[in-house]
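The values are calculated or read from the model by the stated rules, or taken from the named source; none is laboratory data. Here the structure is a predicted model, which is why all the values come from computation and not from measurement. Note that we place each Cβ from the backbone using ideal geometry, even for glycine, and neighbour counts take in every protein chain shown. To get the accessible areas, we keep the full protein, side chains included, count just its heavy atoms, and leave off ligands, DNA and RNA. Shrake-Rupley method; radii C 1.70, N 1.55, O 1.52, S 1.80 Å.
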Amino acid sequence: MSNTNNNEENNEQQRPLGAVLGWLNLSPTLPNTQDNMAGLTAASPPRFIDYNQLMEANRNAQNLQLAHEIVFNKDFQLKLPEYEKGSIAEKVHDTMHTAFWDVLREDLTASPPRYEHIIKLIGEAKEDLKTLVLPHQTTLKSQIDEAMDLEIIKRRFEANAADPNEYTKYFLYMMSTLCAECRDENIAKLRTINDPAECFRGIMEVLSLMKLDMANFNIRQYRPLLQQQAVAYEKSTFDKFMENQRAMGIDPLLSTYKWLERAFDRTKSTETIGWFQTPSSSSNDSSLIILNEAYCELLLWNPKYIFPETLELDEIRYNQVHIATMRLLLISTIMTVLSHLTGSILRDYEAIKTLLKSEMIILLDDFPHKKKLKDILISLSEQVVKTTKEQLEKYDKSKIIVDNEQNIKEAIIAIGETHVIEHAVFKLLFQRYVSFVHHLLDHPTSNSSISNVAIPNGLNIVMNEVITTVSFFLRLITYNKMVFHEHYDRLISQIQSSTSTNQ
């Protein structure tokens, strides 16, 4: 491994999953004391980042994230922000909103009434209403502008010739003609409100929901077109993002370079992920071998490293693959240990093995977010013994479980006594799992035909789950390669050249 890894362990912090704006990593602009001491060079002068450049990078990152989610997540839809119940944010939000509408109510009930507030509100509601009109409905837009002419409305209020309720009625009528069917009930309720301030509050809230409905409708309509052009769009948007970061003096692919460099170092040693053996007919310098090795690091990701920029849009998904992989390997390890201690007693009882798997999947749902592995294994050991004993009693064959109960529990708990990857059975199954993934990466196939590929020995109990998890992982990788392969080829070439030069 390179010395860079040791520095990363001390200097890099774990970032939140899916933190797209984490790309705005300003740490390269800060002097590193250790690096300066080692190189005997002075710290670089401070850089001042232009605000417009920062906002442009922010917009590009957000656009990239939105487009990627629309393409990759068929269930993606925009939602209004939600606040945690009882949180300070919720209390502040509710307090400010209540105060806003209380002021409006006081203005309308004052003597004489004050109308400046409601005139501005009518203008905002008018603009919101116009956003719900389709582009070709120019006549309807003109009608709304004419009916809600703010200058005329202002003069009418000043002459005490206008009633706020007539405007609420107009908005409710127009909204009823433009809204989706699911909003009919909301509008019907608003028609029963006589207080103009309360009614306007409801109107603004329902308009927000209607704008959201329209946005989600457009997402569904344009998703097929976006899917056709997604790779080209993500490439161009990411390139713009990199230009913005370079203009601010930031290396936009720093973590990606280190990720690929670690993979290159592993292929030069015996420390590859899963101890995968590179085929003798292939060169260790092959870009594909290095890249595939880098992807496999995601299966055993160490949070001390910053996630590669080119993968960050799918960081949550890659983390899901990592967690699913660990859970499936734990189930397989436990079943292997159980078989070793009980012989072939379960061989003819597929239903019992399936039941054990289902129960373990439920218990492992708390791992690693809510419970530590050691605590989970204690629960698993108890449940495995209990279920196996109860089920075998039906066939009068539970004696072997009773005789080995303590050994079974201790063997399962022992899986987590040290780092799980060091457990002999887990290590072997992980090695087979990684070889399986490498085989599929080296021999691309459609997801539908993955089920025809032989599942590694020891993983048959979770065969369907392995197929689902690996298929999803390969889908992520395939798309990622399509978007970023040019950057990967360039960076790997730089790493290889740098190594050759140093030698």
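Odds and ends about this structure:
- Answer from Lys79, Lys85 - the residue that is in contact (Cβ under 8 Å) with a residue 12 or more places away in the chain and open to solvent by 90 Å² or more (accessible area, probe 1.4 Å): Lys79
- Options Glu315, Glu350: the member that is surrounded by fewer than 22 Cβ atoms within 10 Å (Cβ to Cβ), over 19 Å from the mean Cα position of the chain (by Cα) and not hydrophobic (A, V, I, L, M, F, W, C): Glu350
- Test for Val231: is it under 30 Å from Thr168 (Cβ atoms) and in a helix (DSSP H, G or I): no
- Residue match in the range 362-372 (condition: in contact with a Gly (Cβ under 6 Å, 6 or more places away or on another chain), within 24 Å of Phe426 (Cβ to Cβ), open to solvent by 40 Å² or more (accessible area, probe 1.4 Å) and not hydroxyl-bearing (Ser, Thr, Tyr)): no
- Only one entry in Ile144, Ile187, Ile153 is at pLDDT 90 or above, open to solvent by less than 20 Å² (accessible area, probe 1.4 Å) and either of a type in the set (S, T, N, Q) or under 13 Å from Val206 (Cα atoms) (or both), namely Ile187.
- Of the residues making up the range 88-119, just one is assigned to a loop (DSSP other than H, G, I, E, B), free of Cβ contacts under 8 Å to residues at least 12 places away in the same chain and among the hydroxyl-bearing types (Ser, Thr, Tyr), namely Ser111.
- Single condition Glu486 does not satisfy, out of (1) among the charged types (D, E, K, R); (2) under 17 Å from Leu288 (Cβ atoms); (3) open to solvent by less than 60 Å² (accessible area, probe 1.4 Å): (3)
- The single condition among (1) of a type in the set (Asp, Glu); (2) more than 26 Å from the chain's Cα centre (by Cα); (3) over 30 Å from His438 (Cα atoms) that Asp213 does not meet is (2).
- The residue that is modelled with the lowest pLDDT, among those in the range 255-304 that are part of a loop (DSSP other than H, G, I, E, B) and in contact with an Asp or Glu (Cβ under 7 Å, 6 or more places away or on another chain), is Thr272.
- For Ile122: the one exception among (1) open to solvent by 90 Å² or more (accessible area, probe 1.4 Å); (2) in a helix (DSSP H, G or I): (1)
- Checking each residue of the range 327-338 against the condition of being buried (at least 22 other Cβ atoms within 10 Å of the Cβ) and either part of a loop (DSSP other than H, G, I, E, B) or under 22 Å from the mean Cα position of the chain (by Cα) (or both) gives at least one match.
- Looking only at residues of the range 121-180 that are of a type in the set (Gly, Ala, Ser) and in contact with a Phe, Trp or Tyr (Cβ under 9 Å, 6 or more places away or on another chain), we find that the one that is nearest to Ala215 (Cα to Cα) is Ala180.
- Checking each residue of the range 328-350 against the condition of being over 16 Å from Ser398 (Cβ atoms), among the acidic types (Asp, Glu) and touching a Leu at 6+ places or on another chain (Cβ under 8 Å) gives no match.
- Only residues that are under 28 Å from the mean Cα position of the chain (by Cα) and polar (S, T, N, Q) were counted in the range 398-436, giving 2.
- Glu382 being surrounded by fewer than 17 Cβ atoms within 10 Å (Cβ to Cβ) and within 36 Å of the chain's Cα centre (by Cα): yes
- Test: residue in the range 302-309 that is open to solvent by 30 Å² or more (accessible area, probe 1.4 Å), within 22 Å of the chain's Cα centre (by Cα) and touching a residue at least 24 places away in the same chain (Cβ under 8 Å): yes
- Qualifying positions in the range 396-441 - open to solvent by 30 Å² or more (accessible area, probe 1.4 Å) and assigned to a loop (DSSP other than H, G, I, E, B): Asp396, Lys397, Asn404, Glu417, Thr418, His419, His423
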